[in-house]
Amino acid sequence: ASRPAEWATLEAPLATGEAIVRAFESARYDVVVVDCMTLLASNALLQLPEDAPQSDATATIVAEAEALLAAYQRTGGQWLVVSNEVGMGVVPPSRLGRFYRDGLGRANQVLAASADEVLLFVAGLPWRLKSCN
């Protein structure tokens, strides 16, 4: 309710990149905010069988990030992708937690490698990790 009326909201818990491309078929947007890669990674991971190997978990999460990049290439505009840094704390005690941490970390690396700018916010303060300016 607090968002500007001209903003369009698209809820796509999986295959978000494809959903964004489909949304561009009916309208053009100057800015796309993906909020957030963290939840998309969780959704992708939870679609796998419980006994899936870590390689499958990482590949599934990275595929979602790569699909976002492919959607960006098709649609253009300015994209802002929000994600969390979950690898700076303790090692998760559960198998699923470790798969999540490692898969999201790899997806964040894939997105950051293609990004023009990468910011890490700590206590509300931005740390510029990458800038093409």
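None of the figures in this text is laboratory data; all of them are computed from the coordinates on show. From a predicted model like this one, the values you see are computed outputs, not experimental measurements. Neighbour counts run over all protein chains shown; Cβ positions are idealised from the backbone, glycine included.
When both bridge partners sit in the chain, DSSP labels roughly 55% of those beta bridges antiparallel.
Averaged over residues, the count of other Cβ atoms within 10 Å places the peptides 101-109, 4-12 in the sequence 101-109, 4-12, highest first.
What do you get for GluC sites (Glu not before Pro) in the range 22-90 restricted to DSSP loop and a cutoff of at most 11 other Cβ within 10 Å of the site's Cβ? All intermediate terms of the calculation are to be shown ahead of the outcome.
Numbers: sites: Glu25, Glu50, Glu64, Glu66, Glu85; in loops: Glu25, Glu50, Glu85.
Answer by residue number: Glu25, Glu50.
Find the relative contact order for the chain and round it to a whole percent, using C-alpha pairs within less than 8 Å whose residues are 6+ positions apart.
Details: 144 pairs, mean separation 35.3, N = 133.
Reported as a whole number, the value is 27 percent.
Packing, as the average of other Cβ atoms within 10 Å across residues, places the peptides 13-20, 31-38, 116-123, 51-58 in the order 13-20, 31-38, 51-58, 116-123, highest first. Using the rule -39500 (n - 2.57) for each DSSP H run of four or more residues, divided by the residues of the chain, the 222 nm mean residue ellipticity is -15000 deg cm²/dmol.
Once the convex hull of the C-alpha atoms of the chain is built, how many Å³ does it hold per residue, rounded to a whole number?
Hull volume normalised by residue count: 136 Å³.
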